[in-house]
Amino acid sequence: MTKPIYIRDVSKDDLSALVNIEDRTTGVSRLEYWKKRMELSEAIRPHWTSLVAEMDNRVVGFIFGRAGELEFGLPGTVAWIEVIGVDPAYRHKGVAAELMDRFTSSANDHGIRTVFTLVSKDNPEMEKFFAKSGFTQGEMLHFKKEVAATA
Ligand SMILES: CC(C)(COP(=O)(O)OP(=O)(O)OC[C@H]1O[C@@H](n2cnc3c(N)ncnc32)[C@H](O)[C@@H]1OP(=O)(O)O)[C@@H](O)C(=O)NCCC(=O)NCCS
């Protein structure tokens, strides 16, 4: 039988679980980054944009995003997914799909009809995951400029 997945808003107590999942995914441990990210979530991000997933009574995944109004010449408000991650031991069990479902349905409940994200060209795994989740390539162009160090 498939184990239940419980989705809820992130809380301060989730800090070490989030650091651990990222560490086990990327090999990089960023305690200070996650502290700041959670402060941002508490202070200015709508609560529904920062979610964790629990299985077996432990945090096994997260999604962090935000809502953006009249940005980049876009009309109205859109939601952005900034980062999503699932504990490697809990992948392919529908955890990310549940997180995505809650995020998109909450966006919809708040009158938001479009969800944006950015995916690196060098990350075919994420490209496939977002395609499976119903995302298609958008019409915006991504621009960048390298700024030389002055120091
Ligand atoms: C991509 C990721 C979020 C998927 O999580 P998951 O819980 O295993 O995904 P799900 O089980 O909910 O799968 C949802 C759908 O995406 C597809 N999918 C999941 N992982 C995939 C992969 N690696 N490649 C292709 N498709 C994938 C599944 O097949 C599924 O589609 P289906 O329902 O048609 O079968 C997870 O592999 C991950 O965290 N990767 C690392 C992401 C990262 O680097 N984050 C930043 C730092 S933590």
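Per residue of segment 14-23, what does 6.51 cos²θ - 1.76 cosθ + 1.60 with θ = phi - 60° give for ³J(HN,Hα)? Whole Hz please, x for Gly and Pro, Karplus curve as stated.
Each residue's phi maps through the Karplus curve to give 7, 3, 5, 5, 5, 4, 5, 5, 5, 4 Hz.
How high is the FRET efficiency from Glu146 to Thr2, r the C-beta distance, R0 41 Å, rounded to 0.05? Please report the intermediate quantities before stating the final value.
Working: r = 47 Å, r/R0 = 1.14.
About 0.30, to the nearest 0.05.
Hey, what do the phi angles of segment 28-45 turn into as Karplus ³J(HN,Hα) couplings, whole Hz, using 6.51/-1.76/1.60 and θ = phi - 60°, x for Gly and Pro?
For segment 28-45, the Karplus-derived couplings read 10, 10, 10, 4, 5, 4, 5, 4, 5, 4, 6, 4, 4, 4, 5, 7, 10, 9 Hz, x marking Gly and Pro.
Check Glu82: other-chain or 5+ apart residues with amide H under 5 Å from its amide H, H built from backbone geometry?
Amide H neighbours of Glu82: Phe64, Gly65, Arg66.
Using only helices, what value at 222 nm comes out for the chain when you add -39,500 (n - 2.57) per DSSP H run of length 4 or more and divide by the total residues, to the nearest 500 deg cm²/dmol?
On the way: 4 runs with 49 residues, N = 151.
Helix contribution divided over all residues of the chain: -10000 deg cm²/dmol.
Under a GNM of the chain (C-alpha, springs under 10 Å), which listed residue has the highest mean-square fluctuation: Asp87, Asp23, Asp109?
Residue with maximal mean-square fluctuation among Asp87, Asp23, Asp109: Asp109.
Could you bin all the Cα-Cα distances of the chain into 10 Å bins starting at 0 and give me the percent of pairs in each, rounded to whole numbers?
Percent of Cα pairs in each bin: 10, 37, 37, 14, 2, 0.
Anyone know which of Phe116, Phe72, Phe135 comes out most mobile in the 10 Å Cα GNM of the chain?
Comparing Phe116, Phe72, Phe135 in the GNM, the peak value goes to Phe72.
Using a 10 angstrom cutoff on alpha carbons, build the Gaussian network for the chain and name the most mobile of Asn108, Asn20, Asn57.
Ranking Asn108, Asn20, Asn57 by mean-square fluctuation puts Asn57 first.
We did not get these values from a lab; they are worked out from the coordinates using the rules stated. What you see is a predicted model, and the numbers here were worked out from it, not measured in a lab. Positions of Cβ are backbone-derived with ideal geometry, glycine not excepted, and every protein chain shown enters the neighbour counts.
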